[in-house]
Structure formats: C-alpha cells, structure tokens
Amino acid sequence: MTTGIKGFNDILPGEVERWQHIEATARRVFGLYGYAEIRVPILEKTELFCRSIGDTTDIVEKEMYSFVDKGENAVTMRPEGTASVMRAYIEHKLYAQDPVAKLYYMGPMFRYERPQKGRYRQFHQIGAEVTGVTDPKVDAQVLTMLCHFFAELGLTEPTLQINSLGCPECRPVYREALKSFLRERLDQLCDDCKRRYETNPLRALDCKSAHCKEATADAPAMLDHLCAGCDDHFAATRRHLERAGTPYSINNRMVRGLDYYTRTTFELVTGLLGAQSAVAAGGRYDGLIADLGGPAVPGIGFAMGVERVALLLGQQEFARRPDLFIAALGAEAQDEAFRLMCGLQRLGVSVEMDYEGKSLKSQMRRSDKFNSRFTLIIGSDEMANGRATLKAMDSGTQSDVLLDPAAIAGEVK
RNA sequence: GUGGCUAUGGUGAAGGGGUCUAACACACAUGACUGUGACUCAUGCAUCCGUGGGUUCAAAUCCCACUAGCCACCCCA
C-alpha cells in the first residue's frame, strides 16, 4: 500500500470543518479591516527566498524543498508567504495605483523539518501584509486585527508579546554590544550558543538551556539600544495598542528567524502546544520591498499556523445537520424518495436518503445517526394515498404531508 | 541532522513465554419490535498482535534489525 509522505497530512471530514471555520473567520475579520485576498503561486524561483528570508537562515540553508525543473530553473516550494506577496506587489506595480496595500493570503507552505507537535512539512498559514505605511498606528492595527481574529474564534489563551529589533542604523551597534557581553562568558554557554555566537548572537537570548538563561540574565537589551527613530516608533506603537484596547506584554528577548524584520516584531504565544509556543508571528519589514527590487516602501505583516490554531480549537464539533432524511420502503417508494430529494435540494433543503433498500428500522437508525431534524417515511400506503408521514426527530411527533417538494419544504423549513 | 518513547481490530485499548482460535468498551451489522431512531437485550465483527530474522518444545509476549508514528533538540507558524 502506498502511504502519504512524512509530514504531509490529510485533513479528513470531521476535521476539515474546523479549518473552514478558521478560514471563514479570517476572511470575515480581515475584510472588516479592509484587507483583500491575494493568491500567489506555491512555486517560486529559489532566489526569491534566498534574498528575502536570508541566505544564512536555517530555512534557506536546510529546510527548503528546492529542485531544478524541466526547464532547468531553480525553483522552490514556498516556505512562507510574505516573499511571494511582495514579489507580486512589485511585479504588478500595485504601488503605482496606491502604495498602501492591505493583503491577506492563506495556503500551504513547505519546510523540510522533522515533524512534531504543531509542526509539519506541509503546513498552512493565513497571513496578512500592509505596505506603504510607516506610522505606528498601522503596527497597532495589525496586532489588533490579529487579536480580534483570535477573540472571534473564542481563543483567549494566546497572549501577545512584542519587541523591537531596531533598524539597520541601530541593530549592528546593539549586535556588537551583545557580542562583547557574550564574549566574556562564552565558556558558560551551551554548545549551540557558542556556535550561534558568530552566526546569530541574538539567539542566545531565547536559548532554553538554564545555564544560558543564567549567563545572559543581565545581557544588554535591544530596547535600550534603539536609535531615536526606532525608540519613538516603539513607544508610539505601545500607546496605540493601549488606545485600541489590545493587551500585550513586552518580550525583549524575542528573536525572529527571518532576516528581513525591522523594528516591531511580535508573537502570539501559548503554553498549550508543547514546544511550539508561537501560534502567529510577524513584524515590520521596512527594507524588504526595496531589497527585492521594488520601491522604498515599508511593510508589516504576520502569519499564523493554521494547524496550531486548529489544535487550540480542540475537538469542538462543527457537525452539519441535515434538514430531512427520507426513509423509503420498496422500489417504488425509493424512486419517489429520490424524486422528492432532488426537488427538495433544489429548494435549499438538505436531504439524505438510503440507497440500499434497508429495513425501516435500519433507515431510522441512519436518520438518527445523521442527526437529521425530520424523517419522511414513505411506504406502499403513502404511495397509494399521496401523503407521507413526517416525523420531527427531536420531539418524536408525526404529521401528514403531501408528497410534493414544495409542501414538504414548507413543513421542514 | 541528533535523541527518547511507542507499534495489538474501524477506534480506545487489555494481555509481559504455554489456559490467547487475543479481554473489555466504543463504532458497525443483523434481529427481538412482521412499517418507526435515540434506551434495553441477543448475536456477529483481529486464524491474529508493524515487517523481517533469532532464542525456545512453545512468542502478541524475550532478543536483534528494519520500517513507521509520536515527542523533544536544532529551528520555526
């Protein structure tokens, strides 16, 4: 038997309803804030991700599904959405009409990692991006919308953490300050952090090792090294969040994995997903659009992991409930049931029936299993006098109804 | 790429060398109720315990390998 690929999952009926609910909620909430959907391809030129995410990030170095296609092009199955959306924004010159674009997307992403709880090789993200606004009101609005979305789903547990990563002005200065701090206590750090000291010293700040936590307890914080512009931006973002009534906390040790982030970064974190605490995350990327060959337009956005959101929603039921089940006895009645079913469905009534000519008892059981609201019973008597028995399943009361779709629809609606 | 744990039916699982042609429960099917569900009762539903090899008179039960899944590290949504 051929099985699916490791880390690539089927989403079966029963679970897919939860996904549809998440997606529909995103469309509704994001629409409220004026975002339009954009659909971009799953495959892009490999260079797009190297340039945007960063050549030396883990994603690009070891996690991408990259291959050479039959036209000898180096292509990659997208590991995230922002790069593609910005590529489309630039390629179609959306900025020419209006540099301000508010876009959202949803779909599968691919990363070659070892699967574990809340992490899969094909996973799904719903993301949103705003271009063309530097004002921190937009930072606050993006975060407010994200929290609004979770509130609509009834999820209050994930909490918002924010940080600022500075800009190309102040970050290098901070990076050096941190390195010189770490240099003093390299011997106290774990092997991973020793390795990261050169490549990505900021990572030491959120290392899980107790020794590293202790050693970096008094490490300099990015927030204390922001330039005037970044400092003002962060302060204003906080003020606007308070104005919007969006609760948050500051996590000055938050580190993001993609190179393009500047200034505001954030995560929606939960303690309910094992090692995967981030349900949604994002940040500002003021240099990305220019880096990709577009105009000097700022941007900010986030992505959430749909699998993780679905996990948080738990086993909540989204079962459908048919309006009517038709139980028919005998070939003639079955034919009539089929005619009625087709007519009723055209009238907007959801109908189920049995196709195997089973006993009435068996059909009643099936009707009950479907949790249908009504059952229509048709046998030879009913066929003879043109009326059938309509049973309301919740109360058990029965009535007579004409064998006519419109008449039945009137009773069932 | 590294480490730990697990692997019995449609599902959750019990059983840790012979009494296992594998408990129990759910689900499913049929019937008791000859045309009425949800309750009740009865009956049926794994010749077989991830795959391959080994130990043994005897293995679902012990050993080895492989494979798969899960969780964790790295990293990330």
Just need a number here: residues in region A:380-413 that are within 15 Å of RNA strand B (Cβ to nearest atom), part of a helix (DSSP H, G or I) and without any contact (Cβ under 8 Å) to a residue 24 or more places away in the chain. 3
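So for region A:10-18 (the condition being in contact with a Pro (Cβ under 7 Å, 6 or more places away or on another chain), under 17 Å from A:Phe123 (Cβ atoms) and within 16 Å of RNA strand B (Cβ to nearest atom)), does at least one residue qualify?
Keep residues of region A:10-18 that are in contact with a Pro (Cβ under 7 Å, 6 or more places away or on another chain), which gives none.
Checked against the condition, which is being in contact with a Pro (Cβ under 7 Å, 6 or more places away or on another chain), under 17 Å from A:Phe123 (Cβ atoms) and within 16 Å of RNA strand B (Cβ to nearest atom), region A:10-18 yields no hits at all.
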Taking region A:8-49 and keeping only residues that are farther than 26 Å from A:Phe150 by Cβ and touching a residue at least 40 places away in the same chain (Cβ under 8 Å), one is left with A:Phe8, A:Pro41, A:Ile42, A:Glu44, A:Leu48
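Can you find a residue in region A:95-109 that is surrounded by 19 or more Cβ atoms within 10 Å (Cβ to Cβ) and near RNA strand B (Cβ under 9 Å from one of its atoms)?
Taking region A:95-109 first, the residues surrounded by 19 or more Cβ atoms within 10 Å (Cβ to Cβ) are A:101-106, A:109.
Next, from what is left, pick out any that are near RNA strand B (Cβ under 9 Å from one of its atoms): A:109.
Yes, that holds for at least one residue.
Could you identify the single residue in A:Lys179, A:Lys208 that is charged (D, E, K, R), within 23 Å of A:Ile59 (Cβ to Cβ) and out of contact with any strand residue (DSSP E or B) (no Cβ under 9 Å at 6 or more places or on another chain)?
Details: A:Lys179 fails: within 23 Å of A:Ile59 (Cβ to Cβ).
The unique qualifying residue is A:Lys208.
Need at least 2 residues that are within 11 Å of RNA strand B (Cβ to nearest atom) per element, so show me which helices (runs of 4 or more DSSP H) inside region A:261-377 make the cut, counting only ones lying wholly within it. Reasoning before the result, please.
Working: elements: A:288-291, A:306-313, A:331-346, A:360-370.
Filter on region A:261-377 gives A:306-313, A:360-370.
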Out of (1) assigned to a loop (DSSP other than H, G, I, E, B); (2) free of Cβ contacts under 8 Å to residues at least 60 places away in the same chain, the odd one out for A:Asn252 is which? (2)
Would you be able to tell me the number of residues in region A:145-203 that are within 30 Å of A:Ala244 (Cα to Cα), aliphatic (A, V, I, L, M) and buried (at least 16 other Cβ atoms within 10 Å of the Cβ)? 7
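Within region A:360-370, is there a residue that is within 30 Å of A:Pro99 (Cβ to Cβ) and of a type in the set (Gly, Ala, Ser)? Steps first, please.
To start, the set of residues in region A:360-370 that are within 30 Å of A:Pro99 (Cβ to Cβ) comprises none.
No, because not a single residue in region A:360-370 is within 30 Å of A:Pro99 (Cβ to Cβ) and of a type in the set (Gly, Ala, Ser).
Coordinate-derived values only; no laboratory data. Bear in mind the structure is a predicted one, so any value in this text is a computation, not a measurement. With ideal geometry, Cβ positions are generated from the backbone for all residues, glycine too; neighbour counts draw on all protein chains shown.
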